[in-house]
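Readers should treat all values here as calculations from the given coordinates under stated rules, not as data from a laboratory. Just so we're clear, the structure is a prediction, and the values are computed from it rather than from any experiment. Don't worry about glycine lacking a Cβ; one is built from the backbone with ideal geometry, like all the others, and counts go over all protein chains shown.
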Amino acid sequence: MKLVELYREKIFGAISGLDRVRFRGTRRWLASERGLRTFLGQTKLLLKDFGRWAEEKTRQVRASCSRRAEELGVELIYLRSGAVDKEELARRIAVERGVRAGSICMFSVVEPCLAPAVEGSRLTQRLELRMRTRKCVWIYHYWDDPEVGFGHVRLQTWVPFTVNICLNGRHWLEKQVRADGQAYLKDGNCFRWLADVPAAQERLQDQLKTDWPGLLNRLTREACPGLETVLAPLRFPYYWSAEETEWATDVMFRSPMELAGLNRVLMRHALLVSDSPSVLRYLGKGHPTAAGKHTGSLPQEVRTDYRRRTEGVRVKHWINRNSVKMYTKGQSVLRFETTINDTRQFKVFRSPADDPRRPPTWQKLRKGVSDLHRRCQLSEQCNRRYADAVSTAQVVETMQEVVAGACQPVVRRGRRVRGLNPWRADDFRLLVFLAKGEWAVNGFQNRDLRVYLSPGVDKLPPREQRRLSGRVTRQLRMLRSHGLIRKVPRSNRYVLSSRGQKFSAALIAAHSVDVHKLMEISA
């Protein structure tokens with residue numbers, strides 16, 4: 001990561017891994033109208049008897065949860081409102097009871113759910129089965145598991161008995177580093193210091209090798225053992241999917257003061273360089289074409305939000321239901337975090353689900369845990385792209401030291417090349433182009449710069465297009481002569497050098513500061 005390389009004297013390490021993950025367990029035969037009709041046909045259950053049958057199954061599930069609470073020696077507390085902060089309440093109970101491992105408590109609360117209902121149809125004058133939103137009792141089981149740390153199971157006690165399980169990779173990591181005997185400082189779900197950062201990173205990678213169905217089924221059984229037999233003699237295994245994943249990259253600074261000196265500039269620069277095409281690139285929406293368009297389907301909206309929070313400033317970018325953000329944690333940690341809710345935006349190389357015998361191709365990424373490893377890989381790439389774009393914001397040299405060389409003429413291969421004039425409109429637009437985050441990974445080509453400097457160039461006559469292409473070639477030669485960009489071997493693409501990143505970022509920041517502010521800073 002370029003940010004760590006640039007400021008290694010201020011940073012002692014960085015770790016990347018799962019943060020909060022919300023899993024969903026579904027009995028797929030019972031979770032759709034079509035599947036339920038098949039189930040009713042197989043069990044010879046009439047629609048008129050479905051309500052009584054479902055109520056009996058609900059009583060069995062709730063009784064199993066009650067018995068389990070007694071066995072574990074925890075309270076089953078009824079909550080009058082679903083708006084209660086259950087996690088805060090569970091943590092308070094854990095402190096009061098001194099629970100460091102094992103079950104903490106269970107909550108019973110009425111909340112909305114998606115469930116089947118039998119209703120009469122005026123049109124057909126018959127009973128019909130419909131999946132609709134209704135309310136039922138949900139059981140929450142909070143625990144501090146010896147393996148995965150603090151989390152909870154949320155169980156729907158009405159058919160189809162959907163299960164939600166929330167885990168946090170950082171709480172999980174705490175259990176791992178404790179088992180290794182490693183010293184650490186942790187604030188909430190954030191590590192401020194680790195004695196052995198590489199070992200901790202290996203542990204985070206080990207989490208991805210987990211037998212997810214085995215782990216999630218175990219946690220479900222511990223909350224309600226009766227779920228396995230409630231539909232006996234039929235058995236329906238749960239299909240596990242990751243409804244929401246947060247992948248966090250934590251850059252740990254040596255002290256809060258070291259981060260405070262950079263944080264304001266980094267946040268401001270994130271807003272400057274993160275226009276819509278850049279955000280699309282961060283979240284893997286393809287590379288812009290010569291006409292300035294992006295490959296693949298475009299999202300309905302791209303949003304950016306700047307917000308001050310208790311811990312500091314947060315900058316967040318959304319593409320539909322997926323996002324990437326940067327914010328401070330624990331005073332000395334800068335966190336980059338990618339959240340994926342809609343996996344269909346991404347691709348995975350696998351065989352088609354309907355025929356595993358066919359050769360692998362690029363398919364839509366599924367929510368199922370079988371594609372979770374690829375999902376984490378994409379999230380890591382997103383964090384790195386965003387961090388690399390933001391890392392150009394701050395430089396340790398003075399402005400004069402940064403720009404002096406590139407503003408003077410140089411001789412390259414016997415030819416004189418003029419210096420850049422940052423206050424000249426054409427040169428400043430060139431620097432703005434270089435600082436755009438969408439070129440962070442694959443770089444750019446002559447046509448990309450040509451389209452940016454001359455919108456609508458593809459509609460010009462061929463002769464005029466060739467003239468503009470030659471002009472851009474000369475500009476690229478000038479940038480290469482000053483060491484601001486470098487050519488990617490065996491390609492026609494260019495990427496910014498470290499010097500180019502500093503140069504463009506520093507001048508863009510200085511260009512937007514008024515004279516009085518500059519005088520205050522210099523004083």
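Packing, as the average of other Cβ atoms within 10 Å across residues, places the peptides 1-10, 39-48 in the order 1-10, 39-48, highest first. Compactness of region 49-92, taken as the C-alpha radius of gyration over 2.2 N^0.38 Å, stands at 1.51. Amide H to amide H, with H built 1.01 Å from N, R493 comes under 5 Å of V488, counting only residues 5 or more places away or on other chains.
Putting +1 on Lys and Arg Cβ atoms and -1 on Asp and Glu Cβ atoms, find which of S481, L449, L434 reaches farthest to the positive end of the dipole of region 415-496. My answer, from the dipole projection, is S481. Among the listed pairs K135/K364; K86/K316; K325/K367; K2/K86, which have their C-alpha atoms separated by more than 31 angstrom in this model? Cα-Cα > 31 Å for K135/K364; K2/K86; rest within.
If you model the chain as an ellipsoid using its alpha carbon gyration tensor, with each semi-axis the square root of five times an eigenvalue, the axes come out at 53, 29, 19 Å, biggest first. In terms of the mean number of neighbouring beta-carbon atoms within 10 Å, the peptides 446-452, 356-362, 153-159 order highest first as 153-159, 446-452, 356-362. When only the Cβ of Lys, Arg, Asp and Glu is charged (+1, +1, -1, -1), the dipole of the chain relative to its Cα centre reaches about 2440 debye.
How far is helix 462-481 tilted off the main Cα axis of the chain, in degrees rounded to 10, range 0 to 90? Tilt relative to the chain: about 90 degrees.
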